[in-house]
1. Quick one: compute a quarter of the convex hull surface over the Cα atoms of the stretch A:262-331 and quote it in nm².
2. How do A:Ser399, B:Ser141, B:Ser170 rank when sorted from fewest to most other Cβ atoms within 10 Å of their own Cβ?
3. For chain B, set up a Gaussian network in which alpha carbons nearer than 10 Å are linked by springs, and say which option among B:Thr68, B:Thr267, B:Thr39 fluctuates the most.
4. For the stretch A:294-433, what are Rg and Dmax over the alpha carbons, in angstrom?
5. Looking at chain A as a GNM with Cα springs under 10 Å, which of A:Asp283, A:Asp62, A:Asp106 has the largest mean-square fluctuation?
6. Could you work out, residue by residue across B:86-93, how many beta carbons of other chains sit within 10 Å of that residue's beta carbon, and then give the average as an integer?
7. Counting other Cβ atoms within 10 Å of each Cβ, which trypsin sites (Lys or Arg not before Pro) in the stretch B:93-201 have at most 16 and sit in a DSSP loop?
8. Find the relative contact order for the stretch A:296-394 and round it to a whole percent, using C-alpha pairs within less than 8 Å whose residues are 6+ positions apart.
Amino acid sequence: MVLVLGMVAACSGKTASPPGNSPSASTGTAQGSADSAPANDKPYAGQTVKMLMPPWYKFTPDFFEKFTAETGIKVEVENMRSGQIHDNIVTTSAAGSAPADIVDIDWSWVGQMGSAGWYHDLTDVLDEQIKNDIGILNVFTYQGRVVALPFFNDFRISMINTDHVGDLPVDTLENVIETAKKIKASGKDEYPIVTTLEAGENTTHEWILMTKALGGEVFDDNWNLYLKDKNSPSYKALTYLFEMFNSGLIDPRALGIPYEEVIESFKAGRGSIKILAGPGQIDEAGDPETSRIKDYVKPILVPGDGTRHTTTAMPEGIMIPARAEHKEAAVELLKWLASSEVMKETFKTQGGIFPTRNSVIRELFESGDLPHGDVYAQQLEDVEPIFPQGQPSWYAEFSEAVYTTINRGLKEKWSVDKTAETIIELTEKIEKG
Amino acid sequence: MRYGDAYLLIAPFVLLIVLFVLIPFVLSLVFSFQNMTLTDPDNIRWIGFKNYERLFTDPSIRRVLGNTAFYVVVTVTFEMLFGLMVALLLRRNFRIRFLVLAVMILPWALPPVVGGVTWRWIFHPQYGIVNVLFERWGWISEYKLWTANRWMALLLVCLIVVWRNLPYVSLILLSFLQQIPADLYESAAIDGAGKWQQFRRVTLPLLLPGITIAISLATMISMNIFDEPYIMNQFSMDTMSVTMKNYTVAFRDMKFGYGMAISMMVTALTLLINFSYIKTMYKEEAA
């Protein structure tokens, strides 16, 4: 580890480009505006753009054929787990290189990518029409610069198995707990609330989503945790989580089961209510080929406090690394992916990637191509960013403090107070810069 | 051969060691005294021993050091005990000895990730064979998450590490056992020494260099484990090793300076432990 760090650090230091000053941003050709039409209408023909994407992007071999025919640019897609993509970006960018020409990034990495300057600024690449059409663009901006094109609108919505839940109320978190207790008592489902509480990112998301659903925030404007206040929604959310687990409504094995296996469990009929879900998971749970509960999956608005159903989005974006080898060609591909037709096609045939352009969502709903579109439309009216203040560069450290503490607190049967105090203590130790 | 020729022959390897070992090590040491954070690349400055001071105040460091110490003590103990037993068994000639040797090496030959994933599925809380069998035999009433309890989780990781390293330790000890002349045992038998006395007075003293090497290597491996605790329990503090902590600090939090201080600490501890082994060996030999 000493040698790896030494070699990576030796190649890094001050080599990262500051935002907006990446070499190709100054060339003009990367901007691709109509005024700077190249002499050759396929100026990047023959180049191959490499994409690094997580496994839920199921691009078929013929998907990029039209793009290649139009531009002469070939596209190569490599699938890799999201965490591994992050590691690839960190190690290659620190060493002054890039893992691919286009990479998928999670919303939680924007602060890191932005402050390290590892992105090609897309502020002037995306035209105003597209920017105005993407409601969550601010999630992928850093200090006013666009770090990535929001591409997967992974907003959070809940889902139920109607075979277990029936007509029981699930509109508030309190009702969810009561309904889950009734389902458990009836013998229909031993652990009605489906989630993972392992020492991983999803545990943090579960708590944050509940906080938002209760009308709260995690941090104030000065980055102090609201958790210190026992009347705060974030404290209440933690209390609900502990109550669900300690009442036997959540499978104790959830402390060690990863996110992917939880979905499989739900599809197999184990579990009744999933608070932290998304359109992609609802799609998967309703897949007639792989799901036993395909006829019983129903999305519901995120249960809140009775006055709201606030949710948040944990979207993904497409970023061109600052040191991408084929930056201009990557820009062409990115602009193609941002078009309405391609976003629609990506949703319909390439893995159910929920679009980020509002006009596309509207068109899909009106044409009947968006299953459960009415519920989605209703939920999308109450979506808030996770951190209204912007993405902190130290989010990874904060998230680790949260998920390791919640996981440990549940395992060792801590009180909510002790768990909250530990999260506060660890968060205050983070050097926020 | 003249000395010049000899130096010329080893020059490429020395160059490789300098480029890929010495220089990165020195750079790591230098950076460990800086506040190198990848998210603030224009603000790198010398901060003295602050990163090292943080090692003493960071409660998570104490925890991961405790976990790592547990791994080292338990895995090295069992690897040496079982390794010696296996080596003694394999020293004998029997018909399928070579086949046993070939199969035995398999856990060591597999990438640690593959072994870790295999064991994870064996102990899987929903589908694992251990849960299936234990429930069928009435030893448990319902399927368990075996990593829910911290000590069980630590022991599980140790089990996987011992399973992986046992062949390696056995082969080291076997190679030294095979060098012990047979006539020493004959002489001991003539002098009236029983099996246990032969083991204590002949085998163990002559095996000491092999034991030292095996313990040193086993310790270094256990000090640096990553795959097994990660695969079994993700980033849970219950089982996080110091190498995992190093990874999260450097590559997730992007605090390279602090990460390098952790690396230096691990290096110093490993060197200290190995130095004490070697010193003990030379003391025994001199005695």
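1. For the stretch A:262-331, the mean projected area of the Cα convex hull comes to 8.0 nm².
2. Final ranking by Cβ density, sparse to dense: B:Ser141, A:Ser399, B:Ser170.
3. B:Thr39
4. Gyration radius and largest Cα-Cα distance of the stretch A:294-433: 20.2, 54 Å.
5. Judging by the Gaussian network model, the answer is A:Asp62.
6. Mean partner shielding for this stretch: 0.
7. Sparse-neighbourhood loop trypsin sites (Lys or Arg not before Pro): B:Arg95.
8. So the answer I get is 39 percent.
Read-outs throughout are calculated quantities, based only on the coordinates presented, and are distinct from any laboratory measurement. On a predicted model such as this, the values are computed, not experimentally measured, just so you know. Every residue, glycine among them, receives a Cβ derived from its backbone with ideal geometry; neighbour counts consider all protein chains shown.
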